[in-house]
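Report on the following structure.
Read-outs throughout are calculated quantities, based only on the coordinates presented, and are distinct from any laboratory measurement. Values in this document were obtained by computation on a predicted structure and should not be read as measured data. Please note: Cβ atoms are built from the backbone with ideal geometry, for glycine as well, and neighbour counts cover all protein chains shown.
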């Protein structure tokens, strides 16, 4: 990222590395500076962090079959449903 004022798209591209702690310190500083001034990107980062946390803490939780079917249907993922 060579621009002094990165766009949201430029900030969100390396988001996975940033969230996982694998991004270079300079990139992290650039992302954090952007996040201080961009509510939309902050919302994306916060939502992603919460999603990852929920996945990690509830990964072993088993959904009742009816709930799983409805969830997959709402997400248009019926073809991936394995029961």
- Using only Cα atoms, find the angle between the long axis of helix 25-37 and the longest principal axis of the chain, and express it within 0 to 90 degrees, rounded to the nearest 10. 80
- Item | Degrees, to the nearest 10: 65-74 long Cα axis against longest axis of the chain | 50
- Query: Taking R0 as 41 Å, what's the FRET efficiency between residue 29 and residue 69 from their Cβ-Cβ distance, rounded to 0.05?
  - Reply: 0.35
- Query: So how do 82, 74, 45 line up by other beta-carbon neighbours within 10 Å, fewest first?
  - Reply: 82, 74, 45
- Item | Spread of Cα-to-Cα distances over 10 Å intervals beginning at zero, given as percent, for the range 23-67 | 24, 34, 24, 14, 5
- Message: What does the extension gain come out to for residue 36 and residue 81, with contour length at 0.36 nm per residue minus their alpha carbon separation?
- Response: 12.2 nm
- Query: How far, in nm, would the chain grow between residue 55 and residue 13 when pulled straight, counting 0.36 nm per residue and subtracting the alpha carbon separation?
  - Reply: 13.0 nm
- Item | Residue exposure sequence - 12, 63, 75, 48 - by fewest surrounding Cβ within 10 Å | 75, 63, 48, 12
- Query: Quick one: helix 39-58 against the long Cα principal axis of the chain, what's the angle to the nearest 10°, folded into 0 to 90?
  - Reply: 40
- Where does the Debye-calculated log10 I(q)/I(0) of the chain sit at q = 0.22, 0.24 Å⁻¹, using only Cα point scatterers of equal weight, no solvent? -0.99, -1.11
